[in-house]
Amino acid sequence: MLDLIEFLVLGSFLGLAAGTSPGPLLAVTISETMQHGKWEGIKVAISPLITDLPIILSVLYILSHLTSYNSIIGIIAFFGASYLIYSGMESLKIKKDSLELNVEKKDALKKGIIVNFGNPHPYIFWISIGGPIIFKSLSTHVSATILFIFGFYSFLVGSKVIITLIVEKSKSFINSKYYFSIIKILGIAQIVFGLTFVKMGLDSLNLT
């Protein structure tokens, strides 16, 4: 029983750390909340529940066959970089007069899925940390694996949802020039993350 609880606690801690750490998905979550409301932000927050299953299965397959994955990570990084740089540049173009046109867009979940699929961090996490933990938990009991994954995603998604609600509550405070300043800062953050992914892709492909 103690081993099972340890896996639950471990998953919860790692999920909380991943959910609250600055990153492209968090930037998009905040941006969508500020532009379109809390429900659009929540859609981005839950996108890992859709994207991560194939990521986890792929990682487990790779680890079980001891296959080199550097080139795969490199390609993923370039894909993520291109989307984040594009999304960041679009945020920088936002003007007060164009706000009403943007409010009607309802593609937050799609954005979250694209960003998370193109984000190398989930792949790196599951290859270097999550995958080995899952193999270890399976050697203990399948319920340990279930508790680890449950704890991880409860806190990963839950922390982002809480951040979304906090941002929603503070919209009245940032409804003027502060609103657009933060949107532009988030756009810059996405571009910076995109450039970081470019470097990560080059490193993975041994092109640096």
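Listed conditions (1) among the hydroxyl-bearing types (Ser, Thr, Tyr); (2) farther than 22 Å from Gly194 by Cα; (3) at pLDDT 70 or above are all met by Ser98, apart from (3).
Scanning the range 168-208 for residues that are at pLDDT 70 or above, among the hydroxyl-bearing types (Ser, Thr, Tyr) and over 17 Å from the mean Cα position of the chain (by Cα) yields Ser170, Ser181, Ser204.
The values are calculated or read from the model by the stated rules, or taken from the named source; none is laboratory data. As the structure is a computational prediction, the values presented were derived from the model and not from experiment.
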